[in-house]
1. Can you give the charge dipole size of region 75-190 about its Cα centre, rounded to the nearest 20 debye, using +1 on the beta carbon of Lys and Arg and -1 on the beta carbon of Asp and Glu?
2. Could you give the length gained on full extension between Asp320 and Tyr237, defined as 0.36 nm per residue of separation minus the Cα-Cα distance, in nm?
3. For the chain, place one equal point scatterer on every Cα, skip the solvent, and apply the Debye formula. What is log10 of I(q)/I(0) at q = 0.07 Å⁻¹?
4. For a test of the definition: using alpha carbon positions, the gyration tensor, and the 1.5 limit on a/c, classify region 104-183 as rounded, prolate or oblate.
5. Of the listed peptides 279-288, 6-15, 37-46, what is their order by residue-averaged count of other C-beta atoms within 10 Å, with the highest listed first?
6. With viscosity set to 0.890 mPa s and temperature to 25 °C, compute the Stokes-Einstein D of region 48-134, Rh being the Kirkwood radius across alpha carbon pairs; µm²/s, no decimals.
7. Test of understanding: what is the full-extension gain from Leu28 to Ser53, defined as 0.36 nm times their sequence separation minus their Cα-Cα distance?
8. Regarding region 128-235, what are the three Cα extents along the principal axes, ordered largest first, in Å?
Amino acid sequence: HIGNFVLFSKDLSNPEQIVNLTTSLRNLSEEANNNIPPFIAIDHEGGRVHRFSNSITHFPSAKQISRELDLFEIKDCSRFMAHELLSLGINMNFAPVLDVYTNKKNKVIESRSYSSDPDVVLSYGRKFIEGHLEKKLIAVPKHFPGHGSTSTDSHKDLPRIKRNLDQLKKTDLMPFRELIKEDKIDCLMIGHLLVETIDSLPASLSKEFVTNILRKKWGYKGLIITDDILMNALMKYYSFEDAIVKAFNAGVDILLICEGDDYWERSYNALYNAIKTEKISHERLDESITRIRQIKEKYSLAERKRPDIRLIYNQLEKPDAILLKEKAEGKK
């Protein structure tokens with residue numbers, strides 16, 4: 001009864017295979033979940049975060065885009081990116097990166113960020129999201145509350161941020177906060193980042209961040225998805241089951257698990273047992289189920305046609321900015 005999926009390079013080869021895969025996943029998930037379609041997600045930022053072979057357009061990094069493209073061009077690129085993903089049967093993109101790149105020792109984010117200036121990150125992130133929205137592909141900005149000021153890779157250890165809330169509001173939090181105000185964000189990804197001045201728990205496990213700041217203070221009503229639960233940022237300090245329950249009780253809606261099959265069953269059992277022993281309330285569960293269904297209805301996932309491989313090669317012309325980039329690189 002798995003409801004949603006994330007795809008990686010190891011799952012993907014040519015467009016025909018990808019369409020067959022996403023169609024099969026949708027059929028199986030709908031059959032098991034009363035015809036409720038799944039989110040089928042991918043990390044498709046451009047630059048070094050690109051999961052496909054050469055058959056799918058490889059977009060520039062965020063850093064290159066903000067230096068070489070104007071705001072009209074980034075929106076055009078975003079629309080084309082969404083068109084290709086939807087044509088493959090993918091309906092959710094873990095992008096754009098809204099991290100403000102303020103620590104030059106940060107090799108984790110680096111070229112994945114639009115800028116060290118929060119206003120530039122806001123402007124380009126806004127146009128990226130608007131391009132996806134126009135094509136009805138779900139954008140998932142990341143990594144709230146901001147990964148740009150730390151040099152620690154959350155795949156390896158827990159990043160620690162020493163800035164206080166007022167400092168964060170001016171930099172790391174600003175793009176997220178403004179786009180939530182503008183009602184541009186339907187889903188966001190929360191990172192495993194410890195802001196020591198605000199909570200003793202990582203943001204992804206923190207009720208202060210998820211419920212008090214995002215939900216109550218900022219009025220955010222959309223989905224909240226964790227970064228991969230199995231990153232060492234959490235697994236070095238918490239058991240898998242403990243992290244699952246803490247994240248869900250903090251107010252997270254979807255727990256991202258990017259490794260082996262047994263973790264899916266373990267996550268289900270952890271949540272089931274927590275509900276059974278009243279560590280998680282039925283009300284908390286119903287809140288997330290409602291939000292998940294609302295987003296699936298808003299983006300008309302149930303009415304969406306099956307992917308058509310011909311759409312990748314037809315209907316839309318590549319943006320001029322991408323054609324110029326490919327020409328400069330000697331590609332057809």
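1. Numbers: 20 positive and 16 negative charges, 62 e Å.
Approximately 300 debye in magnitude.
2. Values: separation 83, 0.36 × 83 = 29.88 nm, distance 4.76 nm.
Taking Asp320 through Tyr237 to full extension adds about 25.1 nm, to one decimal.
3. The calculated log intensity ratios at q = 0.07 Å⁻¹ are -0.27.
4. Details: a/c = 2.02, a/b = 1.53, b/c = 1.32.
Prolate is the answer for region 104-183, as a/c is 1.5 or above and a/b outweighs b/c.
5. Numbers: 279-288: 13.3, 6-15: 15.2, 37-46: 22.8.
Highest mean packing first, the order is 37-46, 6-15, 279-288.
6. Values: Rh = 13.3 Å.
The calculation lands on 184 µm²/s.
7. On the way: separation 25, 0.36 × 25 = 9.00 nm, distance 2.56 nm.
Length difference between fully extended and current span is 6.4 nm.
8. 37, 28, 22
Rule-based calculations on the coordinates, nothing more; no lab input. All values derive from a computational prediction rather than experimental measurement. FYI the Cβ positions are ideal-geometry reconstructions off the backbone, even for glycines, and counts take in every protein chain you see.
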